[in-house]
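Notes for the one structure printed next.
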Amino acid sequence: MAKLKVGILISGRGSNMTALIGAAKAADYPAEIAVVVSNVSDAAGLDIAKAAGVAAVAIPHKGFPDRESFDKAVSAELERRGVQLVVLAGFLRIFSPWFPQRWRDRLINIHPSLLPSFKGLHVQQQAIDAGARISGCTVHFVTADLDAGPIIAQAAVPVLPDDTADILAARILRQEHRLYPMVVRWFAEARIGVKDGRVSVSGVPPAATLLFSAEP
Ligand code: GRF
């Protein structure tokens, strides 16, 4: 069967992108990375993608008069590559409402907290400051509302008393690298459905959409 063509949008180091490229190397993985696009020309992830033989393109947002014209240029690049699913992986640019509408139900993000807790930036510090005992990451569909689209899957980790934001971020990131390739696989296998803002994943055990890791 033809593999699902995935486009990944990044702005930085691209460790989630690297995890996805790694997963897609397996012959039986049902998705392939068609292109990586960055709004930051010198994003480290672009070089990593190229070194892995993946098409990587910089589209600096500074060259555009407004958000929507940048979004349309990114979208045109994705279309040119035949992309069927857009995966945000540390993409630090807020879209105009046009983009999530254009890619409705085919645009996903990973966020380093257990949504709906701790939206926005510095979310690991937010979790520590709140005294949360558990945090984690969430893969969700992207809508026009920031960090608020339907939740697909989550991974939970402990928040330990001596954690700094960096220590907690690293613990969460290890789970991001497990969770994201799993969700992209389900999407490629057409298992993911959205109804009334809630996601169901068919053909996997109900608990498969929630990972736990107790490792410090
Ligand atoms: C991750 O923490 C992800 O959850 C957030 O941005 C970060 C991206 O890291 N959306 P990387 O570029 O994938 O290493």
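The values are calculated or read from the model by the stated rules, or taken from the named source; none is laboratory data. Remember, predicted model here, so these are calculated numbers, not experimental data. Positions of Cβ are generated from backbone atoms using ideal geometry, with glycine treated the same way; all protein chains shown enter the neighbour counts. Ligands, DNA and RNA are excluded from the accessible area calculation, which covers all protein heavy atoms including side chains. Shrake-Rupley method; radii C 1.70, N 1.55, O 1.52, S 1.80 Å.
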Lys and Arg at +1, Asp and Glu at -1: add these up for the other residues within a Cβ distance under 15 Å of GLY136 and post the number. +1
Using 0.36 nm times the number of residues separating GLU215 and ILE167, minus their current alpha carbon distance, what extension gain do you get? 16.1 nm
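Near SER96, within a Cβ-to-Cβ distance under 12 Å, what is the net charge of the other residues, with Lys and Arg +1 and Asp and Glu -1?
+1
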Mind putting a number on the dipole of the range 76-208 about its Cα centre? Charges go on the C-beta only, +1 for Lys and Arg and -1 for Asp and Glu, and I need it in Debye to the nearest 20. 440 debye
Using +1 at the Cβ of each Lys and Arg and -1 at the Cβ of each Asp and Glu in the range 110-216, identify which of SER213, GLN154, PHE187 lies farthest towards the dipole's positive end. PHE187
Expressed as a whole percentage, what fraction of the accessible surface of the range 1-103 belongs to carbon and sulfur atoms when a 1.4 Å probe is rolled over the protein heavy atoms? 55 percent
Report D for the range 110-216 in µm² per second (integer): Stokes-Einstein, Kirkwood Rh on Cα pairs, 4 °C, 1.567 mPa s. 92 µm²/s
Quick check on the chain: of the DSSP beta bridges with both residues there, what percent are antiparallel, nearest 5%? 45 percent
Who wins for biggest fluctuation among ALA148, ALA26, ALA127 in a Gaussian network model of the chain, springs between alpha carbons below 10 Å? ALA26
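At 222 nm, what helix-only mean residue ellipticity would the chain give, in deg cm²/dmol to the nearest 500, using -39500 (n - 2.57) for each DSSP H run of four or more? Mind showing how you got there, number by number?
Numbers: 6 runs with 68 residues, N = 216.
Value at 222 nm, helices only, nearest 500: -9500 deg cm²/dmol.
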Where a ≥ b ≥ c are root eigenvalues of the Cα gyration tensor, a/c under 1.5 meaning rounded, otherwise prolate if a/b exceeds b/c and oblate otherwise, the range 1-103 counts as oblate
Cα-projected label distance for ASP42 with GLU79, points at 7 Å along beta-carbon direction, nm: 3.3 nm
Determine the per residue accessible area of the chain with all protein chains present and a 1.4 angstrom probe, expressed in square angstrom. 49 Å²
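Give me the number: length gained by fully extending ASP129 to ALA26, i.e. 0.36 nm times residue separation minus the C-alpha to C-alpha distance, one decimal in nm.
Taking 0.36 nm per residue and subtracting the Cα distance, the gain is 33.0 nm.
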Degrees separating the helix 15-24 axis from the principal Cα axis of the chain, which is the longest one: 70 degrees
